[in-house]
Structures are given as structure tokens and as C-alpha cells.
Amino acid sequence: MLKKFILTLFAISSLFGKTFSQCDTTYRVALMMPLYLEQVDEVTYRQSSSSKIMLQKPFSYIQFYEGFMMAVDSISTSKGVCIDLNVYDITTDTASVNDALNDTWLANADLIVGPFHVKPFEQLSKFAVAHNIPIVNPVTNRSSLINDMPTAIKTKPSEEAQMESLRQLLAKNYADAKVFVVNMYEEPTTDIYKIEDIAKSVTGSEVVHVNMLQHKEHYIFRDEFSHESGNVVIVYADDKALAAEAVNVINRYTDDFDVTLITLPKWGRYDGLFDDYLVKMKTVFFDDIFIDYNDLDIQHFVCEFRSKYVTEPTDYAFMGFDTGWYFLNALKQFGREFPYNLGGFESRTLSTKYRFATNYFNGQENTYWNIYQYISYEKVLIPID
């Protein structure tokens, strides 16, 4: 009973006081996300919010929903449209997917957002393609999700797209620098080779390869760092311990040389990583989300979110708003055919930009990585396009 009650409230809330007859246009939108409502008992649901409750599994993604609903509210009040919204609790359980597929309402949806998990998304993508429904995955970096799925859209950029962003960054800001590529593994990985090839093509000279596991090679920095040009050190490490080791070693030479550290793939998720060292090395990060709290639009969103939900917005809140705002605007402008028109479509988002690589056979993938740098303890976005 509780699950049905909550979903009914979700659907009704999308009208925001309007009836469908009062709207210029009405769109059917399905939001599919893991709410784990079967784990919410009525006693917990009645309790006021607390940090302990909000950390429980049923609340893991609740801020995505809340941010999404703020976008629905904005679209409904400012664009003359109504959103007929159905929310489906889709976890990794195949039964929840089958329940959604058995809902006849879904076949006539104009947009599906989610599911978040890979296997359910793959199942729903086949359904969406068969019914020509755009379907968006807002949380997964995996490129294979859109293979052979022309109506599927992935908003998280892949690491392959990160390499192209690295090329643009080096060409714009570090073409004259001496480049060092640090290997943190037993053998150089495919990514290491790609980075070296990119650096060579941009600088027109050989790059210095440093195997961090060979302690004698630590002295390469001392012997090879240049006083005449800047020194760019690129480290690929997908483990916090490896990242910390690299930072600790490279920092030994920053008092004597001009060093810029470029970190891959996503060091922004590592907390407590020698912040003073990172600032000294003017460290560059790549991330699929960047929140600039000095931005007036961000400040406005934070105030609105606090007022509406009496809590601070997390990354999921910004992601939910951006997903809703961008794709509902695309739906309004192009209708169901919007996946084939995203190449030149712009709409202001808060936490990232969308730059879609149009592929009529494999769906659309966002290729934009936020690149930012530590400047005097401030994270500053670096434009490369």
C-alpha cells in the first residue's frame, strides 16, 4: 500500500496545480530509478529527516528525484507544458523491470529517464528502441550502453572522450612544456600508451616515461625536469593509494622546478590527498561534474533547494535538475526525434555541459569533461573549447 501511495503522489505532483486541458502541450515522462520502496516501512516514512535515515538505502538517490522535480516544476510553470510523470522503482531486481514493461502506459511515453543500473537499462533500451522512445542514462560512464540503441542517450562521458579532452588541454595550454607520463603499474597500460601518443603529437617531441614502481626512476624527475620550460606530469591512477604515492614523490621537486600535475581519470573523488601539495603543483583534474558555488545560478538553485527540501543539495540533486531541464527542453523543441538533434542543441545546465557525439546507429554519448585546476586553493574551471 505504501509503495502505491508514494508513486501516486509522484505522478500527481507533476501537474503542479494544472489540468492537462490547461496545457499547451503534455508529455509523458517515465522516471525509473532505484527507490527501494519495499524497504521503507511506514514508521520510517513518518519520521522527520535525519542524517541517519537519509543514509539508508531507500534514500540513496532521493536527491536526484528532488532535483529532477525542480526541473519539472520550472518547465511546467515557464514553458506552458504539462508533464504526465510516472515514477518506477527499478532496482537490479528483474521483477521490477517486468512490472514496468507490463504497464501499457509506458509504450506511449515521450521520454524515459533511467533505469540507473546497467542490466535494467539494457532491457528497457530494447523496449525504448522498439517504440521509438528516447531513453537517458544519467549515471553510467560505460559506452557500451548505447551500442545498437539509436534512441539511447548517455550523459556521463567515457574515458575515451577524456583522452580527446586531454589532447585539447595540452594543445591549448601546454604545447611548449616538457611532458612526463607516469606509469603506476607493473606494465604500461593501454591508457598510458594513449597518453604518450597524445603528448607526442601535441608537443612534437618525445615524452619522458617514468615507471613509479622502479624507485631508481624517481630521480628522473630531478635529472630531467627543465628550468627553461614548464614541466607537465601526467599521472593515470585509478586507486587512491597509487595517487597518493605519486603526489608524494613528485612534490619533492616542486620547490626547484615549475611543475603542473595533470591527473587521470577522476582524482576528484579522492579525499584528503595532500591538498597543499596539489595546490603547489597547480593540479589539473577531470570530472564529469563540477559545481561552481560562486555562480549566481548555482546559488539560486541551492537556495531554492534548501527552501523546498530543507537540506543541502548533493551532486545527485544537480544531476537530477540538469537531466530534467535539458531533456525536457529538448523534448519540447524537437519532440521524440530530439536524440537526432542534440549535436547543436544548447540549454543551460548547472553541473556540467552536454556535448553529444551524434551517432544514428549507436545512440548519443556526452563527450564533455569538466577540467579544473587548483589556483590558490580555489578550484577554477579551465575552458578548452
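The values are calculated or read from the model by the stated rules, or taken from the named source; none is laboratory data. Quick caveat: nothing in here was measured; it's all calculated off a predicted structure. Note that we place each Cβ from the backbone using ideal geometry, even for glycine, and neighbour counts take in every protein chain shown. Only protein heavy atoms, including side chains, enter the accessible area calculation; ligands, DNA and RNA are left aside. Shrake-Rupley method; radii C 1.70, N 1.55, O 1.52, S 1.80 Å.
Assorted remarks:
- Whole-Hz Karplus values for the range 91-99 come out as 9, 8, 6, 5, 4, 5, 5, 4, 4 Hz, taken residue by residue from phi with 6.51 cos²θ - 1.76 cosθ + 1.60 and θ = phi - 60°; glycine and proline positions read x.
- The fraction of accessible area contributed by carbon and sulfur in the range 77-201 is 46 percent, rounded to a whole number (1.4 Å probe; ligands and nucleic acids excluded).
- 3J(HN,Hα) along the range 217-227, derived from phi through the Karplus expression 6.51 cos²θ - 1.76 cosθ + 1.60 where θ = phi - 60°, amounts to 6, 4, 6, 4, 4, 4, 7, 10, 4, 9, 8 Hz, with x in place of Gly and Pro.
- One decimal place: the segment K79-D103 gains 5.8 nm when fully extended, by the rule 0.36 nm per residue minus the C-alpha distance.
- Residues A171 and E337, FRET efficiency given R0 of 30 Å [Cβ-Cβ distance, rounded to 0.05]: 0.30
- Segment K200..I298, full-extension length gain: 31.4 nm, with 0.36 nm per residue of separation and the alpha-carbon distance subtracted.
- Cβ-based charge dipole, the range 138-240, positive-most Cα from Y174, T140, N211: T140
- The chain: angle of helix 190-203 to the longest principal axis, Cα-based, in degrees nearest 10: 70
- In range of the label at S226: residues from the range 152-187 whose backbone nitrogen is under 12 Å from the point 7 Å along Cα→Cβ: 174-180
- Taking θ as phi - 60° and the Karplus parameters 6.51, -1.76 and 1.60, the scalar couplings of the range 183-188 work out to 9, 9, 10, 4, 10, x Hz in sequence order, x denoting glycine and proline.
- The angle separating the long axis of helix 159-173 from the principal Cα axis of greatest extent in the chain is about 50 degrees.
- Amide H within-cut-off set for N211, under 5 Å, with H built and near neighbours excluded: N183
- Subtracting the Cα-Cα distance of E378 and E164 from their residue separation scaled by 0.36 nm leaves 74.5 nm.
- Efficiency of FRET from Cβ geometry, D256 and H209, R₀ 30 Å, rounded to 0.05: 0.90
- Probe 1.4 Å, accessible area per residue of the chain, Å²: 46
- Simple Cβ-charge dipole of the chain, Lys/Arg +1 and Asp/Glu -1, about Cα centre, in debye nearest 20: 1040
- Spatially proximal aspartates and glutamates relative to K280 (Cα-Cα < 15 Å; intrachain offsets below 8 disregarded): D255, D256, D258, E378
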